[in-house]
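The values are calculated or read from the model by the stated rules, or taken from the named source; none is laboratory data. Note that this is a predicted model, so its numbers are computed, not measured. Because the Cβ atoms are built from the backbone with ideal geometry, glycine has one as well, and the counts that use them run over all protein chains shown.
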Amino acid sequence: MKYRRALFIGRFQPLHNGHLHVIQRILQESEEIIIAVGSAQESYTLRNPLTVGERIEIIHDVLKMLNAIDRAYIVPIPDINENAVWPARVMEYCPKFDCVYSGNELVIMLFERFDIKTVRIQHIKRNLYQGKVIRERILRGLDYRDLVPEIVYKKLKQFGFDERIKRLVGMQNG
């Protein structure tokens, strides 16, 4: 194991196969993982349709599926809209960690500024594995089952995710 505890930050709106790929990699390279759920205060918007509780429940089920729940922490992180001090806020909310995995250049730059080791992830199928693509597919009446783990698909159906997206667009256009 390269790291004792690694941090992975995302909004998980919703968790998709790209996120799953990164989580699996971190679990191979680290003893423990912290999954920080960003924009925790946001919900019921087109960009952030799921609540933080729903996202935590989905992540928890995925970690159980991977037999990794005993190696993981799930931490909600609200936005503060002050990039220069944001890593300090994340460190305040999370258990100690050795490194941050991210494919987001801003996240990497900000944590490096705090002298925290970063691991740059390569996005896989970035044109498909994005929450935005999943939400757009729903609005066009297209299936998205191939973009998310099966357990996530079932949870999204349970939460009424498809209908929520459609209603949010209707509210925005109405």
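Summary of values
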{"read-out": "Residue list for region 77-97, filter: crowded, with 16+ Cβ neighbours inside 10 Å and in a loop (DSSP other than H, G, I, E, B)", "value": "ILE77, CYS94, PHE97"}
{"read-out": "Pairs, first among the hydroxyl-bearing types (Ser, Thr, Tyr) in region 62-83, second modelled with pLDDT of 95 or more and assigned to a loop (DSSP other than H, G, I, E, B), C-beta under 7 Å, six or more apart", "value": "TYR73/PRO95"}
{"read-out": "Some residue of region 35-43 being of a type outside the set (Ser, Thr, Tyr), at pLDDT 95 or above, in a strand (DSSP E or B) and more than 13 Å from the chain's Cα centre (by Cα)", "value": "no"}
{"read-out": "Test result for ILE74, under 16 Å from the mean Cα position of the chain (by Cα) and assigned to a strand (DSSP E or B)", "value": "yes"}
{"read-out": "Single residue of region 119-174 satisfying the filter (among the basic types (Lys, Arg) and not in a helix (DSSP H, G or I)) that is modelled with the lowest pLDDT", "value": "ARG126"}
{"read-out": "Count - residues of region 49-63 that are within 23 Å of LYS166 (Cα to Cα) and either crowded, with 21+ Cβ neighbours inside 10 Å or in contact with a helix residue (DSSP H, G or I) (Cβ under 6 Å, 6 or more places away or on another chain) (or both)", "value": "6"}
{"read-out": "Any chance CYS99 is in contact (Cβ under 8 Å) with a residue 60 or more places away in the chain, under 24 Å from GLN41 (Cβ atoms) and in contact with a strand residue (DSSP E or B) (Cβ under 7 Å, 6 or more places away or on another chain)", "value": "no"}
{"read-out": "Options GLU150, GLU112, GLU136; residue that is acidic (Asp, Glu) and loosely packed, with under 13 Cβ neighbours inside 10 Å", "value": "GLU150"}
{"read-out": "Only listed residue being modelled with pLDDT of 95 or more, crowded, with 16+ Cβ neighbours inside 10 Å, under 26 Å from GLU163 (Cα atoms) and aromatic (Phe, Trp, Tyr), chosen from PHE8, PHE12", "value": "PHE12"}
